[in-house]
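Structure record follows, encoded as structure tokens.
The values are calculated or read from the model by the stated rules, or taken from the named source; none is laboratory data. None of the values given here were measured: they were computed from a predicted structure. Cβ placement follows ideal geometry from the backbone for every residue including glycine, while neighbour counts extend to all protein chains displayed. To get the accessible areas, we keep the full protein, side chains included, count just its heavy atoms, and leave off ligands, DNA and RNA. Shrake-Rupley method; radii C 1.70, N 1.55, O 1.52, S 1.80 Å.
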Amino acid sequence: IFSLEVNLKKPCPFWNDNSHCGIRDCAVKPCPTDEVPNGIRSASYKYSEEASNHAEECEEANRLGAVDESLSKETQRAMLQWTRHDDSSDSFCEADDIHSPDAEYVDLLLNPERYTGYKGPDAWKIWNSIYEENCFKPQNVKRPLASGRGESLILLSGVCIEKRAFYKLISGLHASINIHLSARYLLQDTWSEKKWGPNVTEFQQRFDEVLTRGEGPRRLKNLYFLYLIELRALSKVLPFFDRPGFQLYTGNKSHDAEIKNLLLEILHLAKSFPLHFDENSFFAGNKKEAAKLKEEFRLHFKNITRIMDCVGCFKCRLWGKLQTQGLGTVLKILFSENLIGKIPESGPSYGFRLTRQEIVALFNAFGRVSTSVRELENFRNILRNMQ
């Protein structure tokens, strides 16, 4: 669940910029191939009973959906359904081509998200592109995103609830990332050691009400909005993971069973939390207009996931990809309620599926947001003690 296959060498699709961060803390250390479990390396690998039972045969498949004649007809049908699923229009993300020779497995625990020194015009350009070109706002309003000033909530007046929610999700994600960087800041860098820890000054520059001219508290409010949205998605997707046929296959049966039990424990806990966001108010108007707005919503977010390939810092790109894909998976879950409700207790679920990449991104992205909420409380305690 902490291993992600990712292509960090994809070129930026929006502007010509081959520059990459030369700071050593921007580098990502991939997993050696022989350390990746066989079940994960399988070319047709999915979290399911059908794929698990035939992992060795699937290992020889040249691409997802390539049919091995040694497989049962039932499994062949399932694999073809998975292929169609991966190309379907329900995705909110621009997924990496995991069959590219540039795709590598990365241990997220060995490559933690923290401050790398990546900042300035290059980093500003990424967020400016996200807010100015891909967030919904009134067409007649032009708002340059001043470096260091962040986004403005004023422009949300006059836009519908779905577009306001989209903006708040992106703002909440931005706030979450900024809290991570402030909480794991490089405080000391000498030949003998590196020391990482909370940087209160950095946190205040991004969230203090006075220093941000009132924007800081709004950004933090959007962080909580994002947290509720992701928590809601976890509660909704429980039937998919709770099926007996769903397995976490890595080759270690006892470990797989233990991890599945832990995941189910988290999902049941999320289900028991009463104050979820209610997404039923989304796309609830005229069906034709609602469908059009939903597609626009999806394409805007998909574009944001593509922008992650323009991030010059490889470690920042890794975590940007993971967190945007995690949020994209959240949106996919929330807008697939009818399909999830029809999932059978046994056998393959053709209507609603999640790839391994989506599952890893979903849980790790929620881990990042929940960590931000915890770190926020830590910063508040530090500031109280400083008074």
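General observations
- Top-ranked residue in the range 104-116 [being open to solvent by less than 20 Å² (accessible area, probe 1.4 Å) and part of a loop (DSSP other than H, G, I, E, B); ranked as modelled with the lowest pLDDT]: Thr116
- Output for the range 190-228, where each listed residue is touching an Asp or Glu at 6+ places or on another chain (Cβ under 9 Å) and surrounded by fewer than 18 Cβ atoms within 10 Å (Cβ to Cβ): Lys194, Lys195, Pro198, Glu209, Pro217
Per-residue answers, yes or no, for (1) among the β-branched types (Val, Ile, Thr); (2) more than 23 Å from the chain's Cα centre (by Cα); (3) over 25 Å from Lys168 (Cα atoms):
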site: Val210; (1), (2), (3): yes, yes, no
site: Glu215; (1), (2), (3): no, yes, no
site: Arg219; (1), (2), (3): no, no, no
site: Ser235; (1), (2), (3): no, no, no
site: Pro239; (1), (2), (3): no, no, yes
site: Arg243; (1), (2), (3): no, yes, yes
site: Ser254; (1), (2), (3): no, yes, yes
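For every residue, the table says whether it meets (1) at pLDDT 90 or above; (2) outside any helix (DSSP H, G or I); (3) out of contact with any helix residue (DSSP H, G or I) (no Cβ under 6 Å at 6 or more places or on another chain).
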residue	(1), (2), (3)
Glu209	yes, yes, no
Lys221	yes, no, yes
Arg243	no, yes, yes
Leu248	no, yes, no
His255	no, no, yes
Glu265	yes, no, yes
Phe283	no, yes, no
Lys292	no, no, yes
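- Among all residues of the range 289-304, there is none that is within 23 Å of Leu262 (Cα to Cα), open to solvent by less than 50 Å² (accessible area, probe 1.4 Å) and not basic (Lys, Arg).
- Search result, residues across the range 344-374 that are more than 19 Å from the chain's Cα centre (by Cα) and either of a type in the set (Gly, Ala, Ser) or at pLDDT 85 or above (or both): Ser346, Gly347, Ser349, Gly351
- Residues of the range 26-46 that turn out to be in contact with a helix residue (DSSP H, G or I) (Cβ under 9 Å, 6 or more places away or on another chain), open to solvent by less than 20 Å² (accessible area, probe 1.4 Å) and at pLDDT 60 or above, as a count: 3
- Counting residues in the range 323-331 that are open to solvent by 40 Å² or more (accessible area, probe 1.4 Å) and in a helix (DSSP H, G or I) gives zero.
- For Gly312, the criteria (1) closer than 19 Å to Leu8 by Cβ; (2) open to solvent by 10 Å² or more (accessible area, probe 1.4 Å); (3) in a loop (DSSP other than H, G, I, E, B) hold in every case but one, which is (2).
- Residue pairs whose Cβ atoms lie under 8 Å apart, separated by 6 or more positions or on different chains, with the first residue in the range 326-345 and of a type in the set (Gly, Ala, Ser) and the second outside any helix (DSSP H, G or I) and surrounded by fewer than 17 Cβ atoms within 10 Å (Cβ to Cβ), are Ser336/Asp90.
- Ser272 vs. criteria at pLDDT 90 or above and either in contact with a Cys (Cβ under 8 Å, 6 or more places away or on another chain) or of a type outside the set (Phe, Trp, Tyr) (or both): yes
- For the range 131-142, the count of residues that are at pLDDT 85 or above and out of contact with any Phe, Trp or Tyr (no Cβ under 8 Å at 6 or more places or on another chain) is nonzero.
- Taking the criterion of being of a type in the set (Lys, Arg) and without any contact (Cβ under 8 Å) to a residue 40 or more places away in the chain, the only residue of the range 164-180 that qualifies is Arg164.
- Any pair with Cβ under 6 angstrom, 6 or more apart, that starts in the range 259-273 at a residue that is among the basic types (Lys, Arg) and ends at one that is part of a helix (DSSP H, G or I) and modelled with pLDDT of 90 or more: Lys271/Ser235; Lys271/Leu238
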